[in-house]
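Single-structure report; data block below.
The values are calculated or read from the model by the stated rules, or taken from the named source; none is laboratory data. Given the structure is predicted, the values throughout are model-derived calculations rather than measurements. Glycine also receives a Cβ, built like all others from the backbone with ideal geometry; neighbour counts cover every protein chain displayed. These area figures cover heavy atoms from the full protein model, side chains too; ligands, DNA and RNA do not enter into them. Shrake-Rupley method; radii C 1.70, N 1.55, O 1.52, S 1.80 Å.
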Amino acid sequence: MAADAVELDIVVEGESPPPVDPELLADLVVFAWAAAGGTGNPSIAVVLTDDARLRRLHRDFMGIDQETDVMTFPHGEDSGGDIVISVERAADQAPDFGHGTGEEVAFLAVHGVLHLRGWNDDTPADRAAMLARQSDIIGAFRVVRGTDPR
């Protein structure tokens, strides 16, 4: 799939600069879409926001009134969707995984792409498979780009 087949927007809410280069993040999302078998001409928006906004979305759409790191809103099979990431949550949990906020945002963006492609992490086995696939995609992206997606 050609990279220009994906319509992609990176939306940064708030006044702080994003913890990741938006162009590099966009390239990673397009790469992840193709790596996950995405076809067609999807429209994908990645929204970088805060805990309060994502908590409201989590409550309103999932019925869970607590913070979360990423949520996805698919548009339909091979149509893309919205990936909403809490940068605050990413910053809080990044040290637990031994990396910076930018790398965590990138990891969550790939997680969101996999959800848009139909992956689920409802069981421990599914979650382990999904996390492994995220790592594989980011590793392959680093090889192709010769850089970290942060």
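Counting only the heavy atoms of the protein chains, how much of W119 is accessible to a 1.4 Å probe, in Å² to the nearest 10?
Probe radius 1.4 Å; accessible area of W119 about 80 Å².
Dipole size in debye (nearest 20) for the chain around its Cα centre, Lys and Arg Cβ +1, Asp and Glu Cβ -1? Working shown, then result.
On the way: 11 positive and 27 negative charges, 64 e Å.
So the magnitude is around 300 debye.
In a GNM of the chain with a 10 Å cut-off on Cα contacts, which of T39, T72, T49 has the highest mean-square fluctuation?
The residue that fluctuates most here is T39.
What figure in square angstrom, to the nearest 10, would you give for the accessible area of S135 with a 1.4 Å probe?
Roughly 60 Å² of S135 is accessible to a 1.4 Å probe.
Provide the per residue accessible area, probe 1.4 Å, for the chain, rounded to a whole number of square angstrom. Write out the running numbers ahead of the final one.
Numbers: 7490 Å² over 150 residues.
Value returned for the chain: 50 Å² of accessible area per residue.
For the chain, set up a Gaussian network in which alpha carbons nearer than 10 Å are linked by springs, and say which option among F107, F61, F73 fluctuates the most.
Ranking F107, F61, F73 by mean-square fluctuation puts F61 first.
Report Rg(Cα)/(2.2 N^0.38 Å) for region 40-87, keeping two decimals. Each step should come with its number before you reach the end.
Details: Rg = 11.4 Å, N = 48, 2.2 N^0.38 = 9.6 Å.
Here the answer is 1.19, to two decimals.
Report the one residue of A91, V144, A128 whose Cα lies farthest in the direction of the positive end of the charge dipole of region 83-150 (charges on C-beta: Lys and Arg +1, Asp and Glu -1; origin at the Cα centre).
The residue sitting most towards the positive pole is V144.
Counting only residues 5 or more places away or on other chains, whose amide H sits under 5 Å from the amide H of I44 once H atoms are built in the peptide plane?
Residues meeting the criterion, in which the H sits 1.01 Å from N, are E7, L8, D9, G81.
Tell me the carbon and sulfur percent of the accessible area for the chain, rounded to whole percent, probe radius 1.4 Å.
Details: 3560 of 7490 Å².
C and S atoms contribute 48 percent here.
Just to be sure I understand the model, the point goes 7 Å from the Cα along the line to the Cβ. What's the resulting T39 to D122 distance in nm?
Between T39 and D122, the label points sit 2.5 nm apart.
Using a Gaussian network model on the chain with a 10 Å cutoff between Cα atoms, which of D136, D65, D96 fluctuates the most?
Top of the fluctuation ranking is D96.
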